[in-house]
Amino acid sequence: MNLSFAAFGVALLAAAVAPAEMSAQGGAIDPDHGVVAVSRALRGLGSVKRVLIIGAHPDDEDTALLTVLERGLGADAAYLALNRGEGGQNLIGPELGVGLGLLRTEELMAARRLDGAEQFFTRAYDFGYSKSAEETFRLWPRDSLLADAVSVIRKFRPQVVVSIFSGTRRDGHGQHQAAGIIAREAFTAAGDGRRFPEQLSEGVEPWSPLKLYRSTRFDTASSTLTVETGALDLLYGRSYHQIAMASRSQHRSQDMGRVESLGPRRTSMQLVESRVDVGGEDDTSLFDGVDTTLIGMLPAIRDRDARGILAELLTTYDAHLRDSRSALGQGMSSDLVAHLSAALASVRQAVEAADRLGDEASFLRFTLQVDEAKLQRAVAEAAGVIVDAFANDDLVAPGQRLQIEVQVWNGGDRPVELESISIDTPAGWVIEPIDGPVAQVAPATLARLRFRMTLPDDARPSELYYLRTPLVGAVYNWPPEPDQRGLPRGKPVVEADVGVSIAGQSVRRRVEAVYRFADQARGEVRRPVLVVPAIGVSVAPAVGILPLGRESVLTFSVSLRSEASEPIDGRVYIELPESWASEPAELEFRNGTPGSSTTYDFIVRAPAMLAAGTYKLTAVAETSGGQRYASGYSVVDYEHVRRSLLFREATARVEALDVAVENDLRVAYVPGGADVVAAAIVSLGVSVELLDAVDIATGDLSRYDVVVLGIRAYETNPALVANSDRFLDWVRSGGTLIVQYQQYRFFRGDFAPYALSARRPHDRVTDETAPVRILDSGHPMFNVPNVIGKADFDSWIQERGLYFASEWDERYQPLLEMADPGEEPKRGGLLAARYGDGLYVYTGLSLFRQLPAGVPGAYRLLANLLSLR
C-alpha cells in the first residue's frame, strides 16, 4: 500500500530515486556520506561509463576492477553471477543448498556495499562441480540462462561487458565454461530484437554493448589491456585493491578472507570483440573507442531543433557540474548546494526534452535519469539532510500492528521544506499517520513523523521471490513479475519515501524501515522488517533413521515460535503414516509473548514389521480457532550480512533401512565446517562425544574406539592442527581415526602417518551416478557389519566425492575405484592403513551431503567405517 499526505502540498515526485539504503547489521546506513558521497557522485556525473562483469559463482567477480570502476572512475558497474553458490560448502555455519545460496547472496551484497557495484543473478541453481559445459547445460537450460543474461544487459545497458571466463575447457569448472559461453552469446543476442521478444513487451529495449573483454587472470600472456588497481585514492585513504580485498573478505562462508596489501596491483584482460575502432592492437582503457560524453549521443537524433535544444541543456548541465566540482574544493558549503541544485534542475530539463523524442533518445534519457538520481542524493548529502526510518519490531505476524518513525535530520545551515512522505508496504496494509504534517525542518533540527500500520490477516510471509515456488530441476522458477527477476532479494517490506525541497529543487530520499537496538558487545544493530507466520512450526531431526530389526522408535522435537502480539493456544501433534503412533498423541500449547519459542518432544513408534522405505511425518500446530500451521522458518543471521529468513515445511523424512552397527562403540567427533555427520552417527544408535579445543589438547583419547574428523577440520580447528601428533599417537596405540575430506592445507601439512598428496585441481568424481568398483571384496570395510554392494551407491546426490588423494604411500590400501565418464579411474577416495596397533582412514566420499539427504547406502558405509578395526 502507498500512503501519501496531500497536506504536505505536493504529490509524490515522479523522478527516479536512488536505491534504498541499509547496512547489513548496524552502524552507518551507508559508508558513503557527506563529502565522500558528493565527491564520488561528481566523479561520474556528466558522462556515461557502464560495465557489466559476468561470472558463474559468488566468488568469481573481479572485485578490484569493480572498485576501480565505481569508486575511481565514477562509472556504473555491476556483477552478474549465474548462480548463488548453493553447491559449495559452508565454513561458518550449518547452511547448505538453498540456505547456503541465501547466505552467499547476502555476502555478495555485503561485498557490493564496499566496492559500490550492483548485483544481478540468473535463475541457475548451483548443482555442484561439473567438468564440462556440456554437462552443465544438461542441467541448466541454455536458452533460459541466455535469456536471463540478455535481460540484464538490456536493463543495465553496459557499453562494455567483461567475461571472467573464456568459455573453453581451460576455465576448469563446467559452470565457469558455461558462464564464458553465455557471456559471449548474450553480447551478441542482447541487441537483436528477434531474440527473446517477450522481454520487449515487458518494457526493455534491445541493447548492443560495444566491447567484450575476458579476464586473463590465469592467462596474462594474451592480455591486451592492463588496469592499475593498486593506486591510492586520497578520498578513501586506501587503494582500490585494499577496498577490493575488504569486499572479497565478505565471502566468509567460502574461506575468502584477504590481507589488504599496499602497493601496485593490476587486472589484465583481453579484448575479444569490439563494435568500435579502438585505434590499435592494445587498449589503454576499457572505454577506448567509446564516446562516453552525453553530447556524443546527440548525432543519433534526427530533429535538428531538438538536437540544438538538448545541446544547450547539456552544455548548461556540464557547466553546473564544473562549478560544483570547484565548489567542492572549497569544502561543504551553501555554494556547493546551490551549484548541485542548479545541475539537478538542468538535468531534469534535459530529461524532459529527451522524453519528448521517444525511442530516438532512449539511452540519453536513461543516462540522464541515472544522473538525476545520483544528483538528488548528492544535493541531500551536501545540504546535510539525512533520512532514516525505524520500526518498533523486526519480525511481524499477520494481523499485527507495527509503528514506523521517519526521521528527517537537517544538519545543514538552511531550512528545508518537507514536501511529501509516503510509506510503501505490500498490498492490504492499513497505514495511519500519528503525527500531523511538518512543513519545514529548521537547521540543526530533527523532525520525527510516526505512522501506525496494521497487517492484514492474510499478509504474505517475507519469502524471497525466487524461493516461493519449488526448483524446476537445477533452475529457480522465476516469478511472473519481471521487475524482480535477476535481483538479489527483491523489494524491501517497508520503505519510507521522503520528498524535501533543497535550494529550490525537489529531492527524494528512499530508505528501508529497520528495527534497531543496542547490543552491548557490538553497538547498534539494524534488522530489516520481515513478515513471518503467527506460529512457525519446525521439526527435528529433518531426517530420521530406523534400522530394521531393532526397536522402531524415534524421538522428534517440534518447536513452535510465535511472533503474534496476542497469545495463541491450541494443540500440537505429528501427522503420521498409517499404523504409526506417537507418545503423546498431542499436546496443548499456549504461546505467549512475541518471540517466544517452546519445544515439545514426541516419541514416535513405527509398526514392528516395517518395510524398508521412506516415510513422511508432518508437525502441525492447530489453534483453538481452527487455524492450521505446518511450516516454519529459520533465521540466517551473521554479523557481516543482512538478516534473512529461510522458510521450510515442518516435515521430517524417516528412512527405514537395513543397517547394522557394532554395539558399544565409543566414538568421538571433531567438528568441521557445516558438519552434520556427528548427528548421523547418533541416528545409527551410537553415542558420540564432540571434542572441543580443550579435549583435543589434553583430553583422554584412550576412552574412545573411534575418532572421526569432520570435513575441513584442519582448516577450521586450530587446536587440531596444533595437536595432530596426539591423534597419531593414539592411532599407534590401537585407535581408529577416520579423516573425512580435507583441503590442500591437510595434504601439505604432514598430518597423516604416511605420505599423502593431492593434485591441483584435486581429483573428484562429480557424477553422482558414476559406477563404483570395490577393489577388495573381502575387506572388513565391505562386510562388517553390513555387506556393501552396488546398491549402496544408488540415489547419491550432487557428487561421489572430492579432494581424493592422487598419490600415497604404499602402506595405504585403496578400497574403491570410480571415475567420471571418459576419465581415468580414481582410487584415492577411500584409503586405509595400519599404523602401529591402530587404523588410519582417509575418505573423500561426500558423506556430509549424502547423510542429511537420507541416502541409505551412505549410512551403511558409515556404519562399516565406524566398525573398522
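The values are calculated or read from the model by the stated rules, or taken from the named source; none is laboratory data. Everything numeric here is computed off the predicted structure, so don't read it as measured data. Here Cβ is always computed from backbone atoms with ideal geometry, including for glycine, and neighbour counts include all displayed protein chains. All accessible areas refer to the heavy atoms of the entire protein, side chains included, with ligands and DNA or RNA removed. Shrake-Rupley method; radii C 1.70, N 1.55, O 1.52, S 1.80 Å.
Which whole-number value in Å² is the accessible area per residue of the chain, probe 1.4 Å?
Here the residues of the chain average 40 Å² of exposed surface.
Any chance you could count the Lys pairs in the chain whose alpha carbons are under 28 Å apart, treating pairs 8 or more apart or on different chains as valid?
Total qualifying Lys-Lys pairs in the chain comes to 13.
Run the 1.4 Å probe and let me know the accessible area of HIS173, rounded to the nearest 10 Å².
Probe radius 1.4 Å; accessible area of HIS173 about 20 Å².
Relative to the Cα centre, what is the charge dipole magnitude of the range 556-705, using +1 at the beta carbon of each Lys and Arg, -1 at the beta carbon of each Asp and Glu, and rounding to the nearest 20 debye? All intermediate terms of the calculation are to be shown ahead of the outcome.
Values: 12 positive and 23 negative charges, 97 e Å.
Using Cβ point charges on Lys, Arg, Asp and Glu, the range 556-705 gives about 460 debye.
Which residue, GLY289, THR614, THR651, has the largest displacement toward the positive end of the dipole of the chain when charges sit on each Cβ (Lys, Arg +1; Asp, Glu -1)?
GLY289
Projected onto the charge dipole of the range 412-490 (+1 at Lys/Arg Cβ, -1 at Asp/Glu Cβ, origin at the Cα centre), which of ALA439, GLY490, TRP429 gives the Cα projection farthest towards the positive end?
GLY490
Cα gyration tensor of the range 801-863, axes a ≥ b ≥ c as square roots of the eigenvalues: rounded (a/c below 1.5), prolate (a/b > b/c) or oblate? It would help to have the intermediate numbers written out before the result.
On the way: a/c = 2.57, a/b = 1.18, b/c = 2.17.
Here the range 801-863 falls in the oblate category.
Using a simple spin-label model with points 7 Å from Cα along the Cα→Cβ vector, what separation in nm is obtained for GLU817 and LYS491?
A separation of 6.1 nm, rounded to one decimal place.
If you count the DSSP beta bridges with both ends in the chain, what percent of them are antiparallel, to the nearest 5?
Working: 123 of 167 bridges.
Of those bridges, close to 75 percent are antiparallel.
Order the peptides 129-136, 291-298 from the highest to the lowest mean number of other Cβ atoms within 10 Å of their residues. Before the final figure, lay out each step's value.
Working: 129-136: 20.8, 291-298: 16.4.
Top of the packing list down: 129-136, 291-298.
Pulled fully out, how much extra length does the chain show between LEU690 and SER334, if you take 0.36 nm times their separation in residues and subtract their Cα-Cα distance?
On the way: separation 356, 0.36 × 356 = 128.16 nm, distance 6.40 nm.
Length gained, LEU690 through SER334: 121.8 nm.
Just check the range 197-348 against the gyration tensor rule for me: Cα atoms, a ≥ b ≥ c as the square roots of the eigenvalues, rounded for a/c under 1.5, and otherwise prolate or oblate depending on whether a/b exceeds b/c.
Numbers: a/c = 1.95, a/b = 1.26, b/c = 1.55.
Note, shape of the range 197-348 comes out oblate.
Which one, GLY329, ALA353, GLY237, is farthest towards the positive end of the dipole of the range 232-360 when Lys and Arg carry +1 and Asp and Glu -1 on their Cβ?
GLY237
In whole angstrom, how far apart do the alpha carbon centroids of the range 761-826 and the range 58-106 sit?
What the calculation gives is 33 Å, centre to centre.
So between ASP435 and THR284, what do we pick up on full extension, going 0.36 nm a residue minus the alpha carbon distance? Before the final figure, lay out each step's value.
Working: separation 151, 0.36 × 151 = 54.36 nm, distance 5.77 nm.
Result for the pair: 48.6 nm of gain on full extension.
Using label points projected 7 Å from each Cα along Cα→Cβ, tell me how many nm separate ARG571 and ARG307, to one decimal.
Label at ARG571, label at ARG307, 8.2 nm between them.
Could you work out what % of the accessible surface of the range 31-99 is carbon and sulfur, using a 1.4 angstrom probe and leaving DNA, RNA and ligands out of the count? Don't jump to the answer; show the numbers that get you there.
Working: 720 of 1280 Å².
The computed percentage sits at 56.
Hey, for a label at GLU551 modelled as a point 7 Å past Cα toward Cβ, could you say which residues of the range 678-705 have their backbone N under 16 Å away?
Only 683-687 fall inside the zone, counting backbone N under 16 Å.
How large is the helix-only mean residue ellipticity at 222 nm for the chain, computed as the sum of -39500 (n - 2.57) over DSSP H runs with n ≥ 4, divided by its residue count, in deg cm²/dmol to the nearest 500? It would help to have the intermediate numbers written out before the result.
Working: 18 runs with 202 residues, N = 869.
Calculated from helices alone, the mean residue ellipticity at 222 nm is -7000 deg cm²/dmol.
Can you bin the range 366-515 into rounded, prolate or oblate? Criterion: square roots of the alpha carbon gyration tensor eigenvalues sorted a ≥ b ≥ c, rounded for a/c under 1.5, prolate for a/b above b/c, oblate for the rest. Can you show the working numbers first?
Working: a/c = 2.97, a/b = 1.49, b/c = 1.99.
Oblate, since a/c reaches 1.5 and b/c is not below a/b.
Assign unit charges at the C-beta atoms only (+1 for Lys and Arg, -1 for Asp and Glu), then state the dipole size of the chain relative to its Cα centre in Debye, rounded to the nearest 20.
Details: 89 positive and 114 negative charges, 155 e Å.
My answer is approximately 740 debye.
Give, in nm to one decimal, the length gained when the segment between LEU298 and ARG628 is fully stretched (0.36 nm per residue of separation minus the Cα-Cα distance).
Numbers: separation 330, 0.36 × 330 = 118.80 nm, distance 6.23 nm.
Taking 0.36 nm per residue and subtracting the Cα distance, the gain is 112.6 nm.
Taking 35 Å as R0, compute the FRET efficiency from the Cβ-Cβ separation of MET609 and ASP794 and round it to 0.05. Show your work: numbers first, answer last.
Working: r = 24 Å, r/R0 = 0.69.
Between MET609 and ASP794 the formula returns 0.90.
For the range 298-309, take each phi angle, set θ = phi - 60°, evaluate the Karplus expression 6.51 cos²θ - 1.76 cosθ + 1.60, and give the result in whole Hz per residue in order, putting x for glycine and proline.
Couplings: 6, x, 6, 8, 6, 6, 5, 5, 4, 4, x, 4 Hz.
Which FRET efficiency value, to the nearest 0.05, do you get for ASP637 and ARG450 by plugging their Cβ-Cβ distance into 1/(1 + (r/R0)^6) with R0 = 30 Å?
Working: r = 27 Å, r/R0 = 0.91.
Calculated transfer efficiency: 0.65.
Can you list the GluC sites (Glu not before Pro) in the range 460-562 that are in a DSSP coil and have 15 or fewer other beta carbons within 10 angstrom?
Those that pass, being in a loop and sparsely packed, are GLU551.
Heads up, I need the accessible area for PHE366: 1.4 angstrom probe, whole protein in place, Å², nearest 10.
Rounded to the nearest 10, that gives 40 Å².
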